[in-house]
Amino acid sequence: MSKARAKIHVYEYIQDEMNERDWSLSDLARRMVKINGLTTPQIVEQTQLNMLALKLLRASERAECGKQVVLGDQAEGFARAFGTSAEMWNNIHEAWKAED
């Protein structure tokens, strides 16, 4: 008999990683920005956009409607912040979407 896996939303993984590092959402949003070649106002703008995207992702996890959320460029930011690959975050999200 196989064990049923718990359905885990990508935001739960992100929250665990943030907790391990003692990061806030703001900390993560800043770390997601690819700074090379950006001016300070562009960095601030990208950080604000990341904050919005993270809040939407968190809301989707709470509302169980994450199948509508598309990670897109955010996966690249998560990879940059956590030292992983974008593919890993996309795979976690796709696995969550596939489970019912």
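The values are calculated or read from the model by the stated rules, or taken from the named source; none is laboratory data. All of these numbers come straight from a predicted model, not from anything done at the bench. As a convention, Cβ positions derive from the backbone with ideal geometry for all residues, glycine included, and neighbour counts pool all protein chains shown.
Looking only at segment 33-55, filter to residues that are aliphatic (A, V, I, L, M) and assigned to a helix (DSSP H, G or I); which one of those is nearest to residue 15 (Cα to Cα)?
Only one residue fits best here, namely 54.
Which of the following residues is in a helix (DSSP H, G or I), modelled with pLDDT under 85 and either closer than 14 Å to residue 8 by Cβ or touching a helix residue (DSSP H, G or I) at 6+ places or on another chain (Cβ under 9 Å) (or both): 58, 30?
58
All but one of (1) modelled with pLDDT under 90; (2) part of a helix (DSSP H, G or I) hold for residue 20; which doesn't?
(1)
Name, by its number, the condition in (1) β-branched (Val, Ile, Thr); (2) buried (at least 16 other Cβ atoms within 10 Å of the Cβ); (3) modelled with pLDDT of 85 or more that does not hold for residue 84.
The one condition residue 84 does not meet is (2).
Out of 77, 72, I need the residue that is of a type in the set (Gly, Ala, Ser) and either at pLDDT 80 or above or touching a Ser or Thr at 6+ places or on another chain (Cβ under 6 Å) (or both). Which one?
Answer to the check: 77.
Looking at residue 50 and the list (1) over 16 Å from residue 92 (Cβ atoms); (2) surrounded by 14 or more Cβ atoms within 10 Å (Cβ to Cβ); (3) modelled with pLDDT of 85 or more, which single condition is not satisfied?
Only one criterion is unmet by residue 50, namely (3).
Quick grid of which residues meet (1) within 13 Å of the chain's Cα centre (by Cα); (2) under 22 Å from residue 96 (Cα atoms):
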position	(1), (2)
31	yes, no
35	no, no
43	no, no
50	yes, yes
